[in-house]
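Here's the structure, in structure tokens; my notes come after.
The values are calculated or read from the model by the stated rules, or taken from the named source; none is laboratory data. What you are looking at is a predicted structure, and each value in this text was computed from that prediction instead of being measured. Using ideal geometry, Cβ is built from the backbone for each residue, glycine included, and neighbour counts are taken over all protein chains shown.
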Amino acid sequence: MQDKNGHQIPLSQLPQKIFSRLFTILSEFWLLVLRLVGFIPLHSVRKFFYLLSGIDMSWSSTIHLCANFFKPSGIKIGSDTIIGDHAFLDGRGKLSIGSHVDIASQVLLYTNQHNIHSPNFGNQFGPITIADYVFIGPRAIILPHVTIGKGAVIAASAVVTKNVPEGEIWAGIPAQKIANRKLKTFSYRLGRPMLFQ
């Protein structure tokens with residue numbers, strides 16, 4: 001028997017390889033279950049499954065319909081945070097989202113990317129940390145090793161590849177600073193999410 005690179009697998013390692021492959025298949029099946037759960041138009045039902053999957057999530061926060069995940073157990077979400085529909089949340093390299101964070105629809109948060117210079121096209125994991133009171137506009141992409149400071153704003157369709165300081169507004173591909181947020185003290189609450197979303 002051979003591995004994915006064509007190397008022979010010693011018989012002594014075969015049981016471990018088989019167990020590892022079965023665990024991977026079950027994990028991938030559970031991600032499919034979560035994808036299907038994402039179509040259920042009831043926040044409380046989806047939250048139950050997300051908590052069951054290992055997401056460290058406040059009950060006062062909401063993930064809208066059709067979210068997708070990698071490694072839910074690597075995701076932490078604070079209180080009064082709303083994540084829009086069709087979001088992609090990647091916990092493989094640890095994803096931490098603060099409180100009172102507003103993440104719009106179709107935002108992609110990737111904590112893993114391929115190393116295009118690696119001979120085996122290996123993975124590069126890196127955490128994403130999003131502080132409190134951040135707003136991320138629709139279809140923005142946040143890549144690994146990024147911290148977004150308190151109260152920062154990421155414009156729609158921006159691609160964030162480096163850290164964003166507190167209270168700054170970033171836009172573009174790759175994203176860069178375009179302004180400062182006028183609000184300096186943050187105390188608002190996002191409130192109740194729309195029902196059946």
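Numbers for the structure displayed
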item: Residue in the range 150-158 that is over 22 Å from GLN106 (Cβ atoms) and surrounded by 20 or more Cβ atoms within 10 Å (Cβ to Cβ) present; result: yes
item: Criterion violated by ARG46 - all others in (1) closer than 30 Å to LYS184 by Cα; (2) surrounded by 17 or more Cβ atoms within 10 Å (Cβ to Cβ); (3) out of contact with any Lys or Arg (no Cβ under 9 Å at 6 or more places or on another chain) satisfied; result: (1)
item: Cβ-Cβ under 6 Å pairs, at least 6 apart or on other chains, the range 29-57 side in contact (Cβ under 8 Å) with a residue 60 or more places away in the chain and under 20 Å from ASP80 (Cα atoms), far side of a type in the set (Ser, Thr, Tyr) and assigned to a strand (DSSP E or B); result: HIS43/THR62
item: Filter result for the condition that a residue is at pLDDT 95 or above and among the polar types (S, T, N, Q), over SER118, SER105, SER187; result: SER105
item: Residue check, LYS182 surrounded by fewer than 16 Cβ atoms within 10 Å (Cβ to Cβ) and assigned to a loop (DSSP other than H, G, I, E, B); result: yes
item: LYS17 being exposed (fewer than 13 other Cβ atoms within 10 Å of the Cβ) and not hydroxyl-bearing (Ser, Thr, Tyr); result: no
item: Subset of the range 79-110 that is without any contact (Cβ under 8 Å) to a residue 40 or more places away in the chain and among the hydroxyl-bearing types (Ser, Thr, Tyr) - its residue that is surrounded by the fewest Cβ atoms within 10 Å (Cβ to Cβ); result: SER79
item: Of all residues making up the range 43-58, the number that are more than 19 Å from MET194 (Cα to Cα) and either touching a Gly at 6+ places or on another chain (Cβ under 6 Å) or in a helix (DSSP H, G or I) (or both); result: 3
